[in-house]
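The next block holds one structure in the form of structure tokens; read it before the comments.
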Amino acid sequence: MTTNPLRDPRDRRLPRVPEPCALVVFGITGDLARKNLLPAVYDLANRGLLPTNFALLGFARRDWGDVEFAELARTAAREHARTPWREEVWERLASSVRFVQGSFDDDNAFDQLAHALAELEGSHGIGGNAAFYLSIPPAMFPVVLKQMQRTGMADSTPDRWRRVVVEKPFGTDLPSSRELNELVDAVFSADDVFRIDHYLGKETVQNLLALRFANTLFEPIWNGHHVDSVQITMAEDVGIGGRAGFYDQTGAARDVLQNHLLQLLALTAMEEPVEFSAEEIRTEKLKVLRAVSVPTDMATFAVRGQYEQGWLAGQRARGYRQEDGVDPDSTTETYAAVRFGVETRRWAGVPFYLRTGKRLPRRVTEIALSFRKAPHLPFAPTDTEELGHNQLVIRVQPDEGVTLKFGSKVPGSVMEVRDVAMVFLYGEQFTEASPEAYERLLLDVLLGDATLFPRNAEVEASWAAIDPLEEFWAGTEPHPYRAGEWGPRAAEEMLAAEGRQWRRP
Ligand SMILES: NC(=O)c1ccc[n+]([C@@H]2O[C@H](COP(=O)([O-])OP(=O)(O)OC[C@H]3O[C@@H](n4cnc5c(N)ncnc54)[C@H](OP(=O)(O)O)[C@@H]3O)[C@@H](O)[C@H]2O)c1
């Protein structure tokens, strides 16, 4: 897709509605489908962004028919939808839902699915177009892909498109992600593969590109001459919930650093794309990810931790090893922090500190650029004792917005300079509500717009940055931190080693 106005004169402010199509969700009875996908489908329908000829198919093992499935979908949509409930919207959607019961190794069930799709072509005019969403355990990807290949369901032709949506984790290391990519690429053509990193569907993440490339103010100082360091944080106050089985095998670095945080790093550090198109943006992100360097002194600059019992919001919180379903001797990390470099002319020498953790004091995701201090201050040293670094903070969630921190004179007859903040909040400046990330991304899949979906080479470059950390950590004990604290002491020491400290968002 191109945005060069000479080649593409469309007004991109106008809503776009996909062509007639079907959405097939494998794993429709799962957590992700209930909490995110089904509500997103309803919200899109409610906003008039689904085509009139649309069908929704669910696939899972439960012994259900279309009626039971429609009931589950209705409950899920009602409970979690972002937009107001309108019965007539649901009624219209409900008339086009189908359920196919079966296990992924059951040839017969896939033949039935192919048959149902063909039938919907006649009854609902879906034009043969379909997107297949793999909302299933990653171990199941191979069998489902093979079934789609066997039945010819994956084949796009000049008359119809067939796309696949793959959920993270995209492998567990570089070799397994390569294997997965090869498998997906053998069945679907590269343009038809949509890898979901739902962070890229968030409004503020897209605003990062607007902030940088639609303004003149920031780009001239967006480099190592002016930026002292960058901190990218994704903190969660929750523990692992009911996902012990998955989390204990995965850990914070594979779950969050490899995908969300490295994607945020790529968008922060990338060069201006030639145009605002999938191809060009992905090309620039890939260049950054390939330029990421891992710390040579891992003992200091790659820290992992695990929460112990503590207090959060006045409530006692269990330690990770006491969580249901977690091995009491588990050495899986629930916190990871690392100092990456980006070896380009723009960023050489600027540390990118990334951290993520569970059971931290609050839920917050932000990108903070800290600028160099003025080379000279024409004030007495005591006047500026309270002056920190100028900072630009992009708040991804919650309270989406941008804050600029700079020094200002304290009112009064003496000269004293202290940090103040200029704050832009989405909620205050705009009346339009932001779509949920899955709403935005599902629509993009149906429209065939891959701008917000990482390419396989990006995934592989990200694993190439994470694998050395995992190798270094293998067999070591994570540093303990108490639930409700901002991570282990070793993470504080990591920044202190370079005369810096973590932000307390
Ligand atoms: N949940 C989240 O918040 C979240 C966030 C990010 C990414 N993800 C990713 O999204 C995917 C789905 O996650 P989830 O949490 O929704 O998983 P889940 O709750 O465990 O759901 C798995 C789904 O797969 C179906 N399934 C499993 N084995 C099957 C088989 N052999 N044949 C047919 N159906 C089978 C299950 O249906 P039946 O048991 O009814 O057959 C169920 O609908 C995973 O790749 C996960 O890593 C999830």
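The values are calculated or read from the model by the stated rules, or taken from the named source; none is laboratory data. Everything numeric here is computed off the predicted structure, so don't read it as measured data. Every residue, glycine among them, receives a Cβ derived from its backbone with ideal geometry; neighbour counts consider all protein chains shown. Side chains are part of the model used for accessible areas, which takes the heavy atoms of the whole protein and leaves out ligands, DNA and RNA. Shrake-Rupley method; radii C 1.70, N 1.55, O 1.52, S 1.80 Å.
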Are any of the residues in the range 68-82 under 25 Å from Arg162 (Cβ atoms) and out of contact with any helix residue (DSSP H, G or I) (no Cβ under 9 Å at 6 or more places or on another chain)? yes
Is it the case that Ser103 is polar (S, T, N, Q), farther than 23 Å from Glu436 by Cβ, more than 13 Å from the ligand (Cβ to nearest atom) and open to solvent by 30 Å² or more (accessible area, probe 1.4 Å)? no
Scanning the range 283-296 residue by residue, the ones that are part of a helix (DSSP H, G or I) and open to solvent by 20 Å² or more (accessible area, probe 1.4 Å) total 3
Can you tell me which of (1) under 16 Å from Pro142 (Cβ atoms); (2) of a type in the set (S, T, N, Q); (3) within 18 Å of the chain's Cα centre (by Cα) is the one Gln206 doesn't meet? (1)
Out of all the residues in the range 216-236, which are within 16 Å of the ligand (Cβ to nearest atom) and either more than 27 Å from Pro138 (Cβ to Cβ) or part of a loop (DSSP other than H, G, I, E, B) (or both)? Glu236
Does Ser176 satisfy the condition of being within 16 Å of the ligand (Cβ to nearest atom), of a type in the set (S, T, N, Q), surrounded by fewer than 19 Cβ atoms within 10 Å (Cβ to Cβ) and not assigned by TED's automatic domain parsing to the domain that holds Asn259? yes
Quick count over the range 445-456, residues being more than 30 Å from Val342 (Cα to Cα) and open to solvent by less than 10 Å² (accessible area, probe 1.4 Å), is 2
So which residues in the range 398-426 are closer than 13 Å to Thr204 by Cα, out of contact with any helix residue (DSSP H, G or I) (no Cβ under 6 Å at 6 or more places or on another chain) and open to solvent by less than 70 Å² (accessible area, probe 1.4 Å)? Pro398, Val402, Thr403, Phe424, Leu425, Tyr426
Can you confirm whether Val459 is open to solvent by less than 20 Å² (accessible area, probe 1.4 Å) and touching a strand residue (DSSP E or B) at 6+ places or on another chain (Cβ under 9 Å)? yes
Filter result for the condition that a residue is under 29 Å from the mean Cα position of the chain (by Cα), surrounded by 15 or more Cβ atoms within 10 Å (Cβ to Cβ) and within 20 Å of Phe69 (Cβ to Cβ), over Ala131, Ala114: Ala131
So which residues in the range 185-215 are under 15 Å from Ser434 (Cα atoms), away from the ligand (no atom under 16 Å from the Cβ) and open to solvent by 10 Å² or more (accessible area, probe 1.4 Å), if there are any at all? Glu203, Gln206, Asn207
Determine whether Glu236 is of a type outside the set (Lys, Arg), touching a residue at least 12 places away in the same chain (Cβ under 8 Å) and farther than 17 Å from Gln397 by Cβ. no
Open to solvent by less than 10 Å² (accessible area, probe 1.4 Å) and in a loop (DSSP other than H, G, I, E, B) - does that describe any residue in the range 355-363? yes
Residues that are open to solvent by less than 20 Å² (accessible area, probe 1.4 Å) and in contact with a strand residue (DSSP E or B) (Cβ under 6 Å, 6 or more places away or on another chain): does the range 326-333 have at least one? yes
When you look at Ala253, is it of a type in the set (Gly, Ala, Ser), part of a helix (DSSP H, G or I) and away from the ligand (no atom under 16 Å from the Cβ), yes or no? no
Positions within the range 27-80 being more than 11 Å from the ligand (Cβ to nearest atom), among the hydroxyl-bearing types (Ser, Thr, Tyr) and open to solvent by 10 Å² or more (accessible area, probe 1.4 Å), in sequence order: Thr52, Thr75
Among Arg162, Arg243, the single one that is away from the ligand (no atom under 16 Å from the Cβ) and among the charged types (D, E, K, R) is Arg162
Failed item in (1) under 18 Å from Thr233 (Cβ atoms); (2) modelled with pLDDT of 95 or more, with Leu312 passing the rest: (2)
